[in-house]
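Enquirer: One structure, pasted below without further comment.
The values are calculated or read from the model by the stated rules, or taken from the named source; none is laboratory data. From a predicted model like this one, the values you see are computed outputs, not experimental measurements. A quick note on method: Cβ atoms are made from the backbone with ideal geometry, for glycine too, and the neighbour counts reach across all protein chains shown. Surface areas here come from the heavy atoms of the whole protein model, side chains and all, with no ligands, DNA or RNA. Shrake-Rupley method; radii C 1.70, N 1.55, O 1.52, S 1.80 Å.
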Amino acid sequence: MENSNKISEVTEAFNLPGELKECIPYGNGHINDTYRLTCETPEGIRRYILQRMSRRIFKNPQELMENVSGVTSWLRKKIIENGGDPERETLNVIPAKDGKPYYVDSKGEYWRSYVYITDASSYDQVEKPEDFYESAVAFGHFQRMLADYPAETLNETIKGFHDTRARFQVFKDTVAKDVCGRAAEVQDEINFVLAHEDVANVFGELQDKGKLPLRVTHNDTKLNNIMIDDVTHKGICVIDLDTVMPGLSLNDFGDSIRFGASTAAEDEQDISKVSCDLHLFEVYVKGFLEGCGGALTDLEVEMLPMGAILMTFECGMRFLADHLEGDHYFRIHRENHNLDRARTQFKLVWDMEQKLSEMKAIVQKYK
Ligand code: ADP
Ligand code: GN1
Ligand code: MG
């Protein structure tokens, strides 16, 4: 195994039971390096997740893990109060042998370990609408469980993560600098972004006027960040808590739509396959509003379709910016991978703009 010395240095740093039998790269996240560990113990097989946190992206992993520890302890308490199973319904941090919730290896890389959630799966595309509905309920419910979390104790793990207005300004600089000389080839995509400044600004402007509440939100609510129980098909556990921070419920809603209600994969190269499936949109609206349990304001509910457009636009702009900057942020697996991703997002934005009145009508049905 590549890095086997390093991996054994790391696995030995955590309090894992029995004998480590397997360590395999795991999952399809774009950010962290994830492994699944299998340990053999007298009581049977035990599995764990081991992750190297991206230092490039997360400038302060200690603060990040303070958030994760705080939020998972809070959820654990609430789950127990509600009669749930805290081993499966929240992430559980395995401390390092020194008691810290992370381990720093000899190269200065930060690692963490979680209990592996068994008999559950994360999906990269919706297979059954009912699963998408369950994920919506779970993401809405997640927000509700954190409604009274002391938001002031949360560290901002990525500054201005969903400040789309600020990201738009940074995007213009990125185009102007054009460090890789790629801008000329993607002028249509750049023009698409530049023509959408009003979209980039809309939530910032509403926030300036005090019209959108800050809530404790997940901020990365794509379908593969939720574990769906293999038997009950309930959205059992919200994972990938790196960006839990004060944010907008509209962004959590929107990010789920851009990923899960698309008729094609995020990196589909045949753009004609990409559109927003209004049935999946409807299923998600229903589940999310149920999961939020009536906590959203009238304006938040009204703006849900805009949330979908805005988060899809922001993500496309981020993919395109990363393509222009030389692919330093999102992990890529082929040439122009981030460009392909940006194109799917812009096709989706265009499609949702055509369908906006239908999306609004759907939201009215469930409010
Ligand atoms: P990234 O930030 O890179 O997306 P994630 O934390 O989302 O990293 O993990 C990547 C993948 O690993 C997830 O999509 C999921 O499939 C799997 N995974 C992560 N944590 C767990 C867990 N506790 N139990 C089971 N699978 C997990
Ligand atoms: C990243 O970590 P992952 O793969 O779940 C990214 C999200 C993007 C998403 C696009 C911390 O999510 O913001 O929407 O890729 N996470 C971070 O697929 O930047
Ligand atoms: Mg993830």
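Enquirer: Using +1 at the C-beta of Lys and Arg and -1 at the C-beta of Asp and Glu, which of Ala176, Ser275, Leu339 has the Cα lying farthest in the positive direction of the dipole of the chain?
Expert: The residue sitting most towards the positive pole is Ala176.
Enquirer: Under a cut-off of 27 Å between alpha-carbon atoms, report the lysines in cross-link reach of Lys107, not counting same-chain residues fewer than 8 places apart.
Expert: Result set, ordered by chain and number: Lys6, Lys21, Lys59, Lys97, Lys159.
Enquirer: Report the percentage of all Cα-Cα pairs in region 246-367 whose separation exceeds 19 Å, rounded to a whole percent.
Expert: So the portion of pairs separated by more than 19 Å is 46 percent.
Enquirer: Going toward the positive end of the dipole of the chain, with +1 on Lys and Arg Cβ and -1 on Asp and Glu Cβ, which of Asn15, Pro150, Gly307 do you reach last?
Expert: Pro150
Enquirer: Next up: In the full protein assembly as shown, how much of Cys292 is accessible to a 1.4 Å probe, in Å² to the nearest 10?
Expert: Only protein atoms counted, so the area is about 10 Å².
Enquirer: Any chance you could give the angle, 0 to 90 degrees and rounded to 10, that helix 278-292 forms with the longest Cα principal axis of the chain?
Expert: 60
Enquirer: Let me ask something additional. With everything on Cα atoms, drop me the angle between helix 164-177 and the longest principal axis of the chain, reported from 0 to 90° to the nearest 10.
Expert: 80
Enquirer: With the Cα gyration tensor of region 13-116 giving a ≥ b ≥ c as the square roots of its eigenvalues, does the rule (a/c under 1.5 for rounded; else a/b larger than b/c for prolate; else oblate) give rounded, prolate or oblate?
Expert: Here region 13-116 falls in the oblate category.
Enquirer: A further question follows. Per residue of the chain, what 222 nm ellipticity follows from adding -39500 (n - 2.57) for every DSSP H run with n ≥ 4, rounded to the nearest 500?
Expert: Calculated mean residue ellipticity at 222 nm is -14000 deg cm²/dmol.
Enquirer: Next question. Name the residue farthest towards the positive end of the dipole of the chain from the options Asn191, Leu348, Trp74, assuming +1 on Cβ of Lys and Arg, -1 on Cβ of Asp and Glu, about the Cα centre.
Expert: Of the candidates, Trp74 comes out farthest on the positive side.
Enquirer: With every protein chain present, what is the per residue accessible area of the chain (1.4 Å probe, Å²)?
Expert: So the chain comes to 44 Å² accessible per residue, rounded to a whole number.
Enquirer: If one takes the longest principal axis of the Cα atoms in the chain, at what angle in degrees, from 0 to 90 and to the nearest 10, does the Cα axis of helix 129-145 lie?
Expert: 80
Enquirer: In addition: Ignoring ligands, DNA and RNA, what percent of the 1.4 Å accessible area of region 1-135 is carbon and sulfur?
Expert: 45
Enquirer: Further question: Which order do Trp74, Trp350 take when ranked by solvent-accessible area (1.4 Å probe, heavy atoms of all protein chains), largest first?
Expert: Descending accessible area places them as Trp350, Trp74.
Enquirer: Determine how large the accessible area of Ile332 is when every protein chain is in place; take a 1.4 Å probe and give Å² rounded to the nearest 10.
Expert: Accessible area, nearest 10 Å²: 60 Å².
Enquirer: Can you tally the net charge around Asn155? Count Lys and Arg as +1, Asp and Glu as -1, for every other residue whose Cβ sits under 14 Å from the Cβ of Asn155.
Expert: Within the 14 Å Cβ shell, the charges total -3.
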